[in-house]
Every structure is written in structure tokens, then in C-alpha cells.
Amino acid sequence: MLHKQFYVFDEDIPAKIVIRNYGKDDIGQLIAIQKESFPPPFPSELWWNETQLENHISFFQEGALCAELGGKIIGSMTSLIVDFTEEKPEHTWESITDNGYIHNHKKDGNTLYVVDICVSPAYRKLGIGKWLMQSMYETVVHLNLDRLLGGGRIPGFHKQPEHMSVEEYIEAVLSGELRDPVMTFLLRCGRTPLTAVENYLDDEESRHYGVLMEWRNPFKHSTSGNS
């Protein structure tokens with residue numbers, strides 16, 4: 001199980017952060033962070049519920065992380081293990097995460113898949129999301145998996161002309177011509193775009209696309225086409 005402590009800086013003031021696996025005693029705080037992070041008009045039924053969080057803990061606690069400051073949980077990140085092949089990348093968030101319930105967690109899979117990352121708005125300037133992502137990379141290495149993978153929203157896409165393709169949008173972000181709130185954050189975390197998936201989420205801002213972005217395990221060199 002993961003448990004680490006380090007300092008982040010609030011301007012010039014160091015603050016000690018703990019990143020660890022969350023447990024049942026943390027469920028109330030985790031739901032509260034969802035409410036803070038995704039206020040109305042975000043639908044409340046999409047916040048984590050107790051059953052989902054209990055499943056994360058019982059099925060795959062190694063993939064259930066939280067960030068803590070002064071004993072208060074300020075962020076979380078959840079994952080499951082799946083089998084993924086680049087030849088068949090099409091899926092939806094609901095199908096690959098079992099709508100967040102992760103009954104389909106596969107212990108012998110090859111890929112750590114991001115279900116969710118969430119940081120309380122008051123603490124986002126501390127870089128907590130990036131540190132949670134780094135901790136998931138460490139989990140990939142610890143479990144000897146091929147990669148970390150997840151579908152990122154591209155909420156800036158709807159602001160572009162209708163004739164712009166999703167591939168053109170991705171290239172514009174990669175060239176620095178455009179900045180996307182989610183994709184740019186994931187790039188800063190070390191993730192690399194793999195492909196765009198249509199109808200990944202019911203998400204008008206992203207025109208219902210998700211961009212699969214990966215981090216490959218640098219300690220695992222496989223010649224398999226499924227890696």
C-alpha cells in the first residue's frame with residue numbers, strides 16, 4: 001500500500017502533504033470534495049456515491065488514492081486495471097469503468113486506467129493533481145503494468161469552428177497554438193495522446209470526444225502489439 005509525505009509550496013510557504021490509499025473512514029470527505037469540485041449545474045447523481053467508493057476500496061485499494069493536508073483530504077484519484085489493445089481503442093467511460101463501480105477490475109490486465117481525479121478548488125494551486133498523477137505512475141511501476149491510460153475531456157473543443165476535426169484540435173494543442181484546460185494539464189503531467197475516441201462521454205463541450213492519453217512504464221519494454 002502507498003503512503004508518502006512531502007512538501008508543496010503555497011507561494012513561499014511549505015506545506016506537508018500525505019498521499020495514501022483511501023479507506024472506508026474517508027468516504028464522507030471524498031463525497032464532500034466531489035460536491036465542492038463539481039457544483040451545480042453538474043448533475044449530483046454523477047458525484048461518487050458510497051457504494052462506488054466502497055467498491056474502489058474492496059476491489060482495488062491500491063488504485064484508490066487521496067491527498068491529505070493537515071489531516072484533511074483535499075483530493076483523490078481512482079483507477080482500475082483493464083486489458084487494453086491499441087488495435088481496439090474504442091470504448092466509453094461508462095463501459096470501461098463499469099460506470100464508476102469497477103466490477104470489471106481485472107487483476108491480470110495490462111493497463112492501469114484512470115477512473116477519476118478530483119482536487120478541492122481551494123487547493124488546486126498547490127499542484128495536487130500532478131502529485132496524485134505521479135503517484136499513480138509509481139503504482140504502474142510497482143504492479144509491473146504496461147501503462148497508465150485514461151480518457152481526457154477536451155472542453156476547449158466546442159469553442160473552435162465546426163469544421164475543425166478532433167485530430168486538428170489535438171495537433172493545435174500539441175503545437176502550442178491552442179490551450180485546453182484538461183489536455184494541457186495532462187501533458188504537463190507527462191501524459192501523451194494516443195488517439196481520440198468518439199462518444200466517450202455525454203459532454204457537449206468536448207463534442208462528446210475523449211482523448212486517450214497514456215504514460216508508459218519506462219521499466220517495462222515489451223515487443224507485444226498489446227503493450
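The values are calculated or read from the model by the stated rules, or taken from the named source; none is laboratory data. Computed from a predicted structure; not experimentally measured. Positions of Cβ are generated from backbone atoms using ideal geometry, with glycine treated the same way; all protein chains shown enter the neighbour counts.
If you check 137, 169 for being closer than 26 Å to residue 62 by Cβ and surrounded by 15 or more Cβ atoms within 10 Å (Cβ to Cβ), only one passes: 137. Which of the residues that make up region 83-99 are of a type outside the set (D, E, K, R) and either part of a helix (DSSP H, G or I) or crowded, with 20+ Cβ neighbours inside 10 Å (or both)? Once the filter is applied, which keeps residues that are of a type outside the set (D, E, K, R) and either part of a helix (DSSP H, G or I) or crowded, with 20+ Cβ neighbours inside 10 Å (or both), region 83-99 yields 84, 93, 95, 96, 97. Apart from one condition, residue 102 fits all of (1) within 21 Å of residue 189 (Cβ to Cβ); (2) touching a Leu at 6+ places or on another chain (Cβ under 8 Å); (3) outside any helix (DSSP H, G or I); (4) touching a residue at least 40 places away in the same chain (Cβ under 8 Å); the exception is (1). Could we say that residue 114 is surrounded by 17 or more Cβ atoms within 10 Å (Cβ to Cβ) and either modelled with pLDDT of 95 or more or out of contact with any Asp or Glu (no Cβ under 7 Å at 6 or more places or on another chain) (or both) here? In short, yes. Within region 156-209, track down each residue that is within 16 Å of residue 90 (Cβ to Cβ) and touching a strand residue (DSSP E or B) at 6+ places or on another chain (Cβ under 7 Å). Selection gives 166, 167, 193, 194, 195, 196, 197, 200, 201, 209.
Annotation: residue 75 fulfils all but one of (1) at pLDDT 95 or above; (2) surrounded by fewer than 18 Cβ atoms within 10 Å (Cβ to Cβ); the unmet one is (2). Can you tell me how many residues within region 157-196 are of a type outside the set (S, T, N, Q) and more than 18 Å from the chain's Cα centre (by Cα)? Residues flagged as of a type outside the set (S, T, N, Q) and more than 18 Å from the chain's Cα centre (by Cα) within region 157-196 amount to 20. Taken over region 116-140, the criterion of being under 23 Å from residue 14 (Cα atoms) and outside any helix (DSSP H, G or I) is satisfied by 118, 119, 120, 127.
Of all residues in region 50-71, those that are over 15 Å from residue 136 (Cβ atoms), modelled with pLDDT of 95 or more and not in a helix (DSSP H, G or I) total 2.
Counting only residues that are surrounded by 12 or more Cβ atoms within 10 Å (Cβ to Cβ) and not in a strand (DSSP E or B), region 2-20 holds 1 of them. State all residues of region 30-51 that are in contact (Cβ under 8 Å) with a residue 40 or more places away in the chain, within 19 Å of residue 62 (Cα to Cα) and not hydroxyl-bearing (Ser, Thr, Tyr); if no residue qualifies, say none. Selection gives 30, 48.
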